[in-house]
């Protein structure tokens, strides 16, 4: 049975051999996509190249790689490489700004004009992958001229999905992308995202159905285990530390909670920030419950034509095992 959802992990949390086993089991369980984030972990495309040879059916995806530390041409070449190595299994191709902390502290790059840069990246990558000769003369940052990939265009369209939180990036997803990757997908946030994406599709004379809304779906392995719940809360506190999530919290009636956690996090007391995540907040913005709870959420996502990317939150002492358990549990919940 093919499951219309993906599974992801932070690659810095696992050794290579365990990541390969994880991808292979995701394939055996029927997951549609295996998603790699990058951040401060392993370089995404070299690992995807290995996975292209170690898997046979599952789609290989990025969720996400940033578009500041690589040019659009480099991203297009990377996409072409994994497409070829995997015999056409690369994509969706998730790109975005990358987290502010990772970009500014890690790369030493200031995130400037992200929405305009997103447009250029998507349009140039798509052009290089689909045309024998491509020019982009009016770019602000990049102006490839009469350029082509040496091996030529590919024989299919790789969907490009933009990571978006703010309204302008969501709108840009509607204008140029094939999908939008978000977090904290609940009825209130979905209504907001859809409205923003629709604004972009209308301006670009596109159908709203052309843009898939996907979301990292944070899950715990055991809703009765105190350490597992604290791992879940720590992940939620990390997101509260970004003001980009506060409008979603406001819409769902949890704005005051998000701002309280933000204030604690800014003082560097991360354990206290996690401990102050209320249970109702955790249950609202993550899958914390039994199999029926998970199944009901996945049914809702399917009914709304959204794509869940399962995001296990492991206990520190059981990182590898917890990833596998969470992936298996969600695959079981998805079968009804």
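The values are calculated or read from the model by the stated rules, or taken from the named source; none is laboratory data. None of the values given here were measured: they were computed from a predicted structure. Please note: Cβ atoms are built from the backbone with ideal geometry, for glycine as well, and neighbour counts cover all protein chains shown.
Which residues, taken from region 310-326, are crowded, with 22+ Cβ neighbours inside 10 Å and not in a loop (DSSP other than H, G, I, E, B)? Please lay out each step first, then the result.
Of region 310-326, the ones crowded, with 22+ Cβ neighbours inside 10 Å are 310-314, 322-323, 326.
Once the filter is applied, which keeps residues that are crowded, with 22+ Cβ neighbours inside 10 Å and not in a loop (DSSP other than H, G, I, E, B), region 310-326 yields 310, 311, 312, 322, 323, 326.
Quick check: is even one residue across region 162-176 closer than 21 Å to residue 306 by Cβ, modelled with pLDDT of 95 or more, assigned to a loop (DSSP other than H, G, I, E, B) and in contact with a strand residue (DSSP E or B) (Cβ under 6 Å, 6 or more places away or on another chain)?
Yes: one or more hits.
Taking the conditions exactly as written (more than 26 Å from residue 59 (Cβ to Cβ), in the same structural domain as residue 177 (by TED's automatic domain parsing) and surrounded by 14 or more Cβ atoms within 10 Å (Cβ to Cβ)), does residue 124 satisfy them or not?
On the way: more than 26 Å from residue 59 (Cβ to Cβ): no; in the same structural domain as residue 177 (by TED's automatic domain parsing): yes; surrounded by 14 or more Cβ atoms within 10 Å (Cβ to Cβ): yes.
Here the answer is no, as residue 124 does not meet what is asked.
Does residue 258 satisfy the condition of being at pLDDT 95 or above, in the same structural domain as residue 327 (by TED's automatic domain parsing) and buried (at least 22 other Cβ atoms within 10 Å of the Cβ)?
Numbers: at pLDDT 95 or above: yes; in the same structural domain as residue 327 (by TED's automatic domain parsing): no; buried (at least 22 other Cβ atoms within 10 Å of the Cβ): yes.
Against the criterion (at pLDDT 95 or above, in the same structural domain as residue 327 (by TED's automatic domain parsing) and buried (at least 22 other Cβ atoms within 10 Å of the Cβ)), residue 258 does not qualify.
Results for (1) buried (at least 23 other Cβ atoms within 10 Å of the Cβ); (2) touching a strand residue (DSSP E or B) at 6+ places or on another chain (Cβ under 6 Å); (3) not in a helix (DSSP H, G or I), shown as yes or no for each residue.
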{"position": "18", "(1), (2), (3)": "no, no, no"}
{"position": "23", "(1), (2), (3)": "yes, yes, no"}
{"position": "28", "(1), (2), (3)": "no, no, no"}
{"position": "56", "(1), (2), (3)": "no, no, yes"}
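Scan region 88-105 and tell me whether some residue there is in the same structural domain as residue 33 (by TED's automatic domain parsing), part of a helix (DSSP H, G or I) and modelled with pLDDT of 95 or more. Quick ask: steps written out before the conclusion?
Filtering region 88-105 down to residues in the same structural domain as residue 33 (by TED's automatic domain parsing) leaves 88-105.
Of the ones still in play, those that are also part of a helix (DSSP H, G or I) are 100-105.
After this cut, where a residue has to be modelled with pLDDT of 95 or more as well, the list is none.
Checked against the condition, which is being in the same structural domain as residue 33 (by TED's automatic domain parsing), part of a helix (DSSP H, G or I) and modelled with pLDDT of 95 or more, region 88-105 yields no hits at all.
Would you confirm, using the coordinates I've provided, whether residue 294 is within 17 Å of residue 184 (Cβ to Cβ), buried (at least 21 other Cβ atoms within 10 Å of the Cβ) and in contact with a strand residue (DSSP E or B) (Cβ under 6 Å, 6 or more places away or on another chain)?
The answer is yes for residue 294.
Go through the residues of region 232-254 one by one and say whether even a single one is in the same structural domain as residue 191 (by TED's automatic domain parsing), within 30 Å of residue 175 (Cα to Cα), at pLDDT 95 or above and touching a helix residue (DSSP H, G or I) at 6+ places or on another chain (Cβ under 8 Å). Show your work before the answer.
We begin by selecting, within region 232-254, every residue in the same structural domain as residue 191 (by TED's automatic domain parsing); these are none.
No, region 232-254 has no match at all.
Do you know which of the residues in region 32-46 that are touching a strand residue (DSSP E or B) at 6+ places or on another chain (Cβ under 7 Å) and part of a loop (DSSP other than H, G, I, E, B) is nearest to residue 330 (Cα to Cα)? Before you say what the answer is, go through the steps one by one.
First pass over region 32-46, keeping only residues touching a strand residue (DSSP E or B) at 6+ places or on another chain (Cβ under 7 Å): 32-38, 44.
Then drop every residue that is not part of a loop (DSSP other than H, G, I, E, B), which leaves 37-38.
Working: 37: 19, 38: 23 Å.
By that ranking, first place goes to 37.
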